[in-house]
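Undergrad: There's a structure below that I have some questions on.
The values are calculated or read from the model by the stated rules, or taken from the named source; none is laboratory data. Fair warning: this is a prediction, and the values are worked out from it, not measured in the lab. Cβ coordinates were reconstructed from backbone atoms using ideal geometry, including for glycine residues, and neighbour counts include every protein chain displayed.
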Amino acid sequence: MAERPKGFKRWLVAGLLAFTAVVVVAGVVWRDDIQRTGLDPKVPFQTYDPPPAPDYGQPSSWYLSPNPPNAWRASDPPADIFFLSPTTFDGGGDWNSPIGDARSARIFQRTMAPNYAGPFVRVGRLFAPRYRQASLYTLLTLRDDARDARRFAYDDVAAAFRQYRDEYNKGRPFIIVGVEQGGVLAARLLAEEIAPHARMSRLIAAAYLIETPVPADASPLPPCLRRGQPGCVAAWVSVRQGDADRAKAILDRSLVWGPTGQLENLNGRLPLCFNPLLGAVSDQPAPARLNLGAANATGLEWGARPPFLSRQVSAVCEGGVLHVSRPKSTALRRTGSWADRRKVPGYNLFYADLEADAKARLAALMAEPDFPRATPPVIEVVDITNTPLRRID
C-alpha cells in the first residue's frame, strides 16, 4: 500500500486541531445552555408526579425547630423566626425536590443555614420547614412549567406556616426571613396569611426578603423606611457595582406574584430596594464604614458565631437594584460548581447588619405600650424511664 504524502498528515493533524478548537469554543460559548438543558426534567409539569407532601406535625418535616416547638422558657430568645431556605436542589429528573433529598439537606446545613439563618439565631427560635422547593432549573427559565413548579412549592410553605401559627406561635412576636426562592414564597405568605389577619400582622416585627424582587407599588406590608421601624418589609435584589447588564436582567426577568396568584414579570415596575447598611429603603449611598460585618459561615457548627469582616462593602440603590462594591476579603468570593455559582453565595455580606437590624425592630415592637405579652408555658420535664410503677388499689 502506497504511503500517504506528508502533506496529507499535516492537513489531517491541522483538521483535528481545528475541530477540537471549535468544540472547545462551542462548549464555552454555549456552556450555560448545555448545563441548563442538563437540568431540564423534560416532562410537562401537568403530567409530572410530584414527591409526597410533608406532614408539618412531624419533626422530620422541619430543617430547624425548637424542642418542643410549642413551648419555651423565659431564657429563650424573645421572638420566633420563620425561615424559608433558598434553592438547594439542582433538579434534573424532578421539577420539585423531595423533602428528604440528602444533597439538598447537606447544602442547607453546611451553607444556607449558617449564612442566612445564622444572623437571626440570637433574635428568636428558628423554624425552618423543609418544602418541595422548585429546582434550580426553574429559576433559569421563564417557561410555564417552571412557573407551575414554583407555585406548587407555595402550598407547602403555606401549610408549614399555618402549623406554626396554629400550634407553635402562642402569641409570640415573630420575624419572617426568606432568601431568593424562599423570599418570593415569603412575599406571597405575607400577602395571604399575615397582612389580612389582625393578630398575626400585630405580632410581626419585620420581614427580610433577601435577594427577592417585591414590587414597590404592591408591598404586602409597609416598606422599612427607617431604622427600628417594626412591622415592615426589607426586600432587595443585588448586583456587583457596575454590572449594568445583570441589573437590567433582574428587572426584565424577575417574577413576582400577580393579583390572582400567578407569577408574572415586573413589567416595568421597580422593586423595593432596602439597603442593609442604612437600615432603610433609600437611594442614598452607604459607605463601607457603615458595614458592621460580613461573614463566611459555610461549614461552621450550627449556632457558632462566625468572625466578622467589617467595612467590606459599600452599597447604593439605583433603579430598584442594590449595587454592592466588590468585597475586600477573598473569603467573600463565589466558589463551587456551575450550579453552585447560580445559587445564593456561601457567605453573607450583611450578616452583622441584619442581626442588629432585626434586634432593633423587635425591640421597638415589644416596647409599644399595647403590644400583647405572651406568657411562657409551664414546662416541667419528668424522667419516668426508670421510675417503678406502683399499683394503686
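Quick grid of which residues meet (1) within 30 Å of G171 (Cβ to Cβ); (2) at pLDDT 95 or above; (3) part of a loop (DSSP other than H, G, I, E, B):
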{"position": "Y63", "(1), (2), (3)": "yes, yes, no"}
{"position": "N67", "(1), (2), (3)": "yes, no, yes"}
{"position": "D76", "(1), (2), (3)": "yes, no, yes"}
{"position": "D80", "(1), (2), (3)": "yes, yes, no"}
{"position": "P86", "(1), (2), (3)": "yes, yes, yes"}
{"position": "F89", "(1), (2), (3)": "no, yes, yes"}
{"position": "G92", "(1), (2), (3)": "no, no, yes"}
{"position": "A105", "(1), (2), (3)": "no, yes, no"}
{"position": "F108", "(1), (2), (3)": "yes, yes, no"}
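Undergrad: So, in segment 122-147, of the ones that are in a loop (DSSP other than H, G, I, E, B) and modelled with pLDDT of 95 or more, which residue ends up nearest to P41 (Cα to Cα)? I'd like the intermediate steps shown before the answer.
TA: First, the residues of segment 122-147 that are in a loop (DSSP other than H, G, I, E, B): 122-123, 130-133, 135, 140-143.
Okay, now just the ones that are also modelled with pLDDT of 95 or more, so 122-123, 130-133, 135.
On the way: R122: 40, V123: 40, R130: 21, Y131: 19, R132: 15, Q133: 14, S135: 9 Å.
Going through the qualifying residues, I end up with S135.
Undergrad: Would you mind finding the one in R165, R188, R150 that is closer than 17 Å to S85 by Cα, out of contact with any Phe, Trp or Tyr (no Cβ under 8 Å at 6 or more places or on another chain), at pLDDT 95 or above and not in a loop (DSSP other than H, G, I, E, B)?
TA: Within the list R165, R188, R150, the selection yields R150.
Undergrad: Also, I was wondering about something else. In segment 215-232, how many are over 21 Å from E264 (Cβ atoms) and not in a strand (DSSP E or B)?
TA: Within segment 215-232, residues that are over 21 Å from E264 (Cβ atoms) and not in a strand (DSSP E or B) number 9.
Undergrad: If we keep just the residues of segment 310-319 that are surrounded by fewer than 22 Cβ atoms within 10 Å (Cβ to Cβ) and not acidic (D, E), which is nearest to A280 (Cα to Cα)?
TA: That would be V316.
Undergrad: Show me the strands (runs of 3 or more DSSP E) found entirely inside segment 233-341 where at least 1 residues are touching a strand residue (DSSP E or B) at 6+ places or on another chain (Cβ under 7 Å) and closer than 30 Å to G91 by Cα.
TA: Hits in segment 233-341: 238-240, 255-257, 263-265, 321-324.
Undergrad: I would also like to ask the following. In segment 129-186, how many are under 21 Å from R103 (Cα atoms) and of a type in the set (K, R)?
TA: 3
Undergrad: Turning to a different aspect of this structure: G92: surrounded by fewer than 18 Cβ atoms within 10 Å (Cβ to Cβ), within 24 Å of Y137 (Cβ to Cβ) and touching a residue at least 12 places away in the same chain (Cβ under 8 Å), yes or no?
TA: yes
Undergrad: Among the numbered criteria (1) surrounded by 12 or more Cβ atoms within 10 Å (Cβ to Cβ); (2) at pLDDT 95 or above, which one does R333 miss?
TA: The single condition R333 does not satisfy is (2).
Undergrad: Right, here's the next one. Quick check on S282: is it surrounded by fewer than 19 Cβ atoms within 10 Å (Cβ to Cβ) and at pLDDT 95 or above?
TA: yes
Undergrad: Same structure again: Sort out which residues of segment 272-311 are more than 22 Å from A360 (Cα to Cα) and either of a type in the set (G, A, S) or out of contact with any Phe, Trp or Tyr (no Cβ under 8 Å at 6 or more places or on another chain) (or both), and write them in order of number. Before you say what the answer is, go through the steps one by one.
TA: Here is the first cut: in segment 272-311, the residues more than 22 Å from A360 (Cα to Cα) are 296-302.
The answer is A297, G299, L300, E301, W302.
Undergrad: Considering only residues of segment 205-250 that are loosely packed, with under 14 Cβ neighbours inside 10 Å and of a type in the set (A, V, I, L, M), which is nearest to E368 (Cα to Cα)? Working first, answer last.
TA: Just the residues of segment 205-250 that are loosely packed, with under 14 Cβ neighbours inside 10 Å, to begin with: 217, 222, 225-227, 240, 242, 244-245, 248-249.
Now narrow it down to the ones that are of a type in the set (A, V, I, L, M): 225, 244, 249.
Values: L225: 18, A244: 43, A249: 42 Å.
Only one residue tops the list, namely L225.
Undergrad: May I pose another question? If R202 satisfies every condition in (1) surrounded by 15 or more Cβ atoms within 10 Å (Cβ to Cβ); (2) closer than 27 Å to M112 by Cα; (3) not aliphatic (A, V, I, L, M) but one, which is the exception?
TA: Here R202 clears every test but (2).
Undergrad: Something else now. Could you say whether any residue in segment 127-142 is in contact with a Pro (Cβ under 6 Å, 6 or more places away or on another chain) and closer than 22 Å to H197 by Cβ?
TA: No.
Undergrad: For the list (1) buried (at least 24 other Cβ atoms within 10 Å of the Cβ); (2) not in a helix (DSSP H, G or I); (3) not small (G, A, S), I need the number of the one condition that I99 fails.
TA: Evaluating I99 over (1) buried (at least 24 other Cβ atoms within 10 Å of the Cβ); (2) not in a helix (DSSP H, G or I); (3) not small (G, A, S) leaves (1) as the failure.
Undergrad: Do you know which residues across segment 342-360 are part of a helix (DSSP H, G or I) and within 15 Å of V121 (Cα to Cα)? Step through it out loud before you land on a result.
TA: Our first condition is that a residue be part of a helix (DSSP H, G or I); within segment 342-360, this holds for 342, 351-360.
If the condition is that a residue be part of a helix (DSSP H, G or I) and within 15 Å of V121 (Cα to Cα), then Y351, A352, D353, L354, E355, A356, D357, A358, K359, A360 are the ones that fit.
Undergrad: Quick check: anything in segment 362-377 modelled with pLDDT of 90 or more and of a type in the set (S, T, N, Q)?
TA: No, the conditions are met nowhere in segment 362-377.
Undergrad: Any residue that is modelled with pLDDT under 95, over 24 Å from S337 (Cβ atoms) and among the basic types (K, R) - is there at least one of those in segment 39-47?
TA: No, the conditions are met nowhere in segment 39-47.
Undergrad: Shifting gears a bit: Out of the residues in segment 128-155 that are over 14 Å from the mean Cα position of the chain (by Cα) and among the aliphatic types (A, V, I, L, M), which is farthest from N265 (Cα to Cα)?
TA: Step by step, filter segment 128-155, then rank; the result is A149.
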